[in-house]
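Just below is one structure, and these are the notes that go with it.
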Amino acid sequence: MKLRKIFPALLLGLLIWMMISGIRFVTVSAPSPPTKVGIRQVWWVNIPGLTLKDLRHSGLPHVEKLMKLASVGAMNMKTGGRETLSNSYATLATGTRAVAPAAEVFYHPEEPVMEDGPFSTPAGTLYARRMGETASAGSIVYPGIMKFVTENEKTTFTVRPGGFAEALKTAGYSTLVLGNLDEGAKPVRYAPLITMDGKGITEEGRVGRETLLQDPARPFGVKTRYFLLRNTLLSWEKPGVAVVELGDLHRLEQAGDKMSPLYRQRVRARVLGEIDRFLGEMLPRAGKDRLLVLTATGGGAPGKEGLFPVVMYRKGEPPGLLTSATTRRTGVVGNIDLAATLLEQLGVQVPREMLGRPMNSVSGTGEGFWRTVDRVESIYSLRPSVLYSYILLQILVLLTGLSLILKNGKGRGWMESILLAVMLTPFLFLVISGMTAHSWWLFSGALVLGGLGLAYMLTRADTVPLFLWAGLLGFLPVVVDGLMGGPLIQQSFLGYDPIKGARYYGIGNEYMGVVLGSSILASAAWLERRPTLSRRQKLAVGLFFFALLVFFAAPFWGTNAGGAMASAVGFGVAYFRFFQTRWNRKLFFKVAGMAGIGLLTLLALNSWVPGHTPTHIGRAFSHLEGGNFEEIAHILNRKLEMNLKLVRASSWGKVFLLSLLTMAILSFRPAGGMKMLMEHYPQLFNGFTAILSGSLAALAFNDSGIVSAATAIVYVVMPIMIIGIRERSTSRHGNSTDSPAVDKSEG
């Protein structure tokens, strides 16, 4: 059977398989509305050092009961800086990416604080000296509040100190904080970051050494006085939020490297048993008017990322899995979501500064939750190795292919297959990552065999059909997956990472570049085989590009405003070059009108579509509409800083620059190479120009634009090298290649 008959059947079968697989992956129940009526208190228990593994294989009766009765989620710990414990607390407290100086902690006003010099000062006196205000007895003060403010002013996020507690206070709610992470005589107290007001004061709490018991057998010689925390919490009658910090696991982690591994495990099991008993005493007392929240913030090791538990229980509510508009993923939420969730549960308006969105509980099973966690963690652990290997492969292929062309070397068949396999790798990342992510060797084998096998089949085609199929395989599966909710891209090594927390849904920057480059390449190859261009073809290409722009911009599909703008540049250049439209005043006004319509479409899709929570671009438009230009400046500055950082440090930047260098060399050597390309493949040449324009635009419009630029430019440099190899091979065989727009390569 001919290749042109085989591939349509294969592509159709692939798309059907994707649809079936996608339906299996993403079928979930509709979110249930959050309960806002009847909750009087929130008991928020945070346990640094507690892991999802502790909850999964606990052997702890009360924890197991809680997991069966509650709504459960996995939460990342992305902050405004490094993933330190203080930054994690600050982010949980503010509902946005925040930081907090680790050396600045909280005290009772009468507690001594070692300031500069040999003498101590009562914390209340020190606070009054710095702030000009006196803290009341029984409160908790933050002498380092101004350093907290200064540190967050340096970030690119708008952080309102004490925003969570201030919102509660405005609505008539109180706050209470109990417990600490003290390491012996060293105060380590970050929980009041959640309960403090804008001046750094929590109205009441117990965070001093009275919350600890002396125990020489425990790390730092102390352990939590659970009965004191329990009795204080149960006797607190005010409506509001009480935060309880249990610090024994944290102390164990800090001292664990000096302990015998076996003894450390025994102590850890003992601590988990004490925590289990504490939770067992809280569960029956929660009642219908209280919401019990259990979270963890990791052990505070700098740079240590992962997913951490968040469990929410209210008597009478069905169990389920947590999700939010931030992630749109069942069982996975962001740490910035928790503050907004608790405010909404209490009926308090969420401040605009909070980036997080309220969580909802949806139906789901524990087995499904743990499968999601395993998949996310597996992809996260393997992603660096996979992507660095792919980037290194691109660099080696570029250098080898360039050397082969310049030296007129042999080996057309194997080099063509490798060049084409690099172009097909994003497609393979999409369709096999979810099935093979648990094993590096299984994934590598499937990738190599699939890539080379598919490339070998495609290289039997002539040049123009080859690029048509390569382009279709690049963009079509991604778009179909996006229309289905992205079940495959969420599991792809070239997709996004919930643990990193930069993106959770839509089309990421990697695949945005893939769709941009491959769709223009496919359009150019389709037009290359048509000797005359009709109005119908112009309309078809224009509608095709417009549909992709809508796909990029729509908050329920691509959700990539930067990609929409970059693609508008690439598609616009492609359309005008394909159809040889001359630039004049009339065309200028047409382009300006189309740009205006595009911006209005972007605004409408991201701000006015009913039934959808506003996306980042939608909220940016709302800030602009409300005159909040400071937040707009923060957003632009954040995107610029991210781009500059990635251009300097990212391996994608090296791929992009090497690709540009390769194209520059091939423009002059072999002699006449660019002229040959323009004469023999004029529409492909126009497409290459458009892809390059779009990739450069991605650098300007996307916050990780270098990634989009690098994945888009693959669809320029690899096809040019394939054409170069084929043309050199053809010339050695004495075949003529001087008929424009006709493919004369060997099939």
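The values are calculated or read from the model by the stated rules, or taken from the named source; none is laboratory data. From a predicted model like this one, the values you see are computed outputs, not experimental measurements. Positions of Cβ are generated from backbone atoms using ideal geometry, with glycine treated the same way; all protein chains shown enter the neighbour counts. Please note that ligands, DNA and RNA were not included when accessible areas were found on the heavy atoms of the full protein model with its side chains. Shrake-Rupley method; radii C 1.70, N 1.55, O 1.52, S 1.80 Å.
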- [ ] Give the value in nm², to one decimal: projected area of the alpha carbon convex hull of segment 158-313, averaged over all directions.
- [x] 10.6 nm²
Open item on the list: Treating segment 367-430 as a set of equal point scatterers at the Cα positions, no solvent, please give the Debye-formula log₁₀ I(q)/I(0) at q = 0.12, 0.15 Å⁻¹.
Closed with: -0.46, -0.61
Open item on the list: What's the ranking of 428-434, 58-64, 38-44 by average number of surrounding C-beta atoms within 10 Å, highest first?
Closed with: 428-434, 38-44, 58-64
- [ ] For an R0 of 41 angstrom, estimate the FRET efficiency from the Cβ-Cβ distance between Leu234 and Thr150 and round to the nearest 0.05.
- [x] 0.60
Task: Convex hull per residue volume in Å³, alpha carbons only, for segment 88-224 - done: 115 Å³
Open item on the list: Please report the equivalent ellipsoid semi-axes of segment 193-261, computed as sqrt(5 x eigenvalue) of the Cα gyration tensor, largest first, in whole Å.
Closed with: 28, 15, 10
Task: Potential extension, Lys675-Tyr388 segment - 0.36 nm per residue separation minus Cα distance - done: 99.8 nm
TODO: Quickly rank 144-153, 716-725 as a protection proxy: mean count of other C-beta atoms within 10 Å, highest first.
DONE: 716-725, 144-153
Open item on the list: List residues of segment 37-52, by number, whose backbone nitrogen lies under 11 Å from a label position 7 Å along Cα→C-beta of Ser136.
Closed with: none
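Do the alpha carbons of any pairs in Lys147/Lys199; Lys169/Lys199; Lys186/Lys223; Lys169/Lys238; Lys154/Lys186; Lys223/Lys315 sit beyond 20 Å of each other, and which pairs?
Violating the 20 Å Cα-Cα cut-off are Lys154/Lys186; Lys223/Lys315.
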TODO: Calculate the spin-label point distance for Ser381 paired with Leu543, positioning each point 7 Å from the Cα along the beta-carbon direction, and give it in nanometres.
DONE: 5.0 nm
Task: Computed label-point distance, nm, for sites Leu533 and Arg129 using a 7 Å Cα→Cβ extension - done: 7.6 nm
TODO: Can you tell me which of 335-344, 125-134 comes out highest on packing, and rank the rest after it, using the mean Cβ neighbours within 10 Å?
DONE: 335-344, 125-134
- [ ] Using a Förster distance of 30 angstrom, determine the FRET efficiency expected from the C-beta separation of Leu213 and Arg371, and round it to 0.05.
- [x] 0.15
Task: Using a Förster distance of 41 Å, the FRET efficiency for Lys288-Leu452 (Cβ separation, nearest 0.05) - done: 0.10
- [ ] Could you state the accessible area per residue of segment 474-516 in Å², with a 1.4 Å probe and every protein chain left in place?
- [x] 19 Å²
TODO: Sort segment 492-558 into rounded, prolate or oblate with this rule: let a ≥ b ≥ c be the square roots of the eigenvalues of the Cα gyration tensor; rounded if a/c is under 1.5, and if a/c is not under 1.5, prolate when a/b is larger than b/c, oblate otherwise.
DONE: oblate
Open item on the list: If I model a spin label as a point 7 Å beyond the Cα along the Cα-Cβ vector, how far apart are those points for Lys199 and Leu396 in nm?
Closed with: 6.5 nm
Task: Of all accessible heavy-atom area on segment 110-212, the percent that carbon and sulfur account for (1.4 Å) - done: 53 percent
Open item on the list: Given the options Leu246, Met196, Ser174, identify the residue whose Cα lies farthest towards the positive end of the charge dipole of segment 134-264 (+1 on Cβ of Lys, Arg; -1 on Cβ of Asp, Glu).
Closed with: Leu246
Task: Amide proton proximity set for Val42, modelled H, under 5 Å, gap of 5+ - done: Gly240, Val241, Ala242, Leu291
